[in-house]
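Here's the structure we're looking at; comments come further down.
Derivation of every value follows stated rules applied to the coordinates shown; laboratory data play no part. Remember, predicted model here, so these are calculated numbers, not experimental data. A quick note on method: Cβ atoms are made from the backbone with ideal geometry, for glycine too, and the neighbour counts reach across all protein chains shown.
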Amino acid sequence: MQSSEASASEPAPEQSQTARSAGNIGRIIKLGAAIGILLILGLLAAAVATALTAAETWVPIIRIFRDVMLLILLLESVLLIAALAILLLQVAGFFVMLRAEIKPILESARETARLGRATATFMNDNAVDPLIQLKSFLAGLLAFLRELLRIRGLLTTDETNGEALDEADAP
């Protein structure tokens, strides 16, 4: 009994290993992003410092750096436009697939709802309504018989009481 309690409280080894690897990947991504941001801020601070102190000697290097950054930004924008085009194509394909796959599912759901309505109507007309009518008739008949027996009981009691009164009157 204790071993089952221990195994229930501890996660399975496969699940804990998957959780650890996901946590490690998240840490690696966060560390890489932090290092990248610090690198960019350091380069920006170095560029500002060199531009303010000895601008004339660093002008050719800054121009080369500027040109390289412009090329990188140009390539990045081309990649961004390509990724956007691929995304639009994927969305269009999704809508085509959605139209092709969802339409038969909706048709099937409509058919199922129609059959459910028809079944409910059939059961109502052929089973429920006749049973309700029969039960109503039997309830009315039972009430009628109960009242009939109650009236008969009153009549027989009055006749018995009348005979008892006649016997009491006789000396």
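Gain in length, ALA83 to LEU142, computed as 0.36 nm per residue apart minus the alpha-carbon separation, to one decimal in nm? Intermediate results must be reported in sequence, preceding the final value.
Details: separation 59, 0.36 × 59 = 21.24 nm, distance 8.12 nm.
The span from ALA83 to LEU142 would gain 13.1 nm if fully extended.
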- prompt: Which distance in nm do the two modelled labels at THR112 and ALA55 give, with both placed 7 Å along the Cα-to-Cβ direction?
  reply: 7.4 nm
task: Using θ = phi - 60° and the Karplus relation 6.51 cos²θ - 1.76 cosθ + 1.60, list the HN-Hα couplings for region 131-139 in order, rounded to whole Hz, with x at every Gly or Pro.
output: 5, 5, 5, 5, 5, 4, 4, 5, 5
message: Among LEU84, ILE35, ALA55, which residue has its Cα furthest toward the positive end of the charge dipole of region 20-95, with +1 on Lys/Arg Cβ and -1 on Asp/Glu Cβ?
response: ILE35
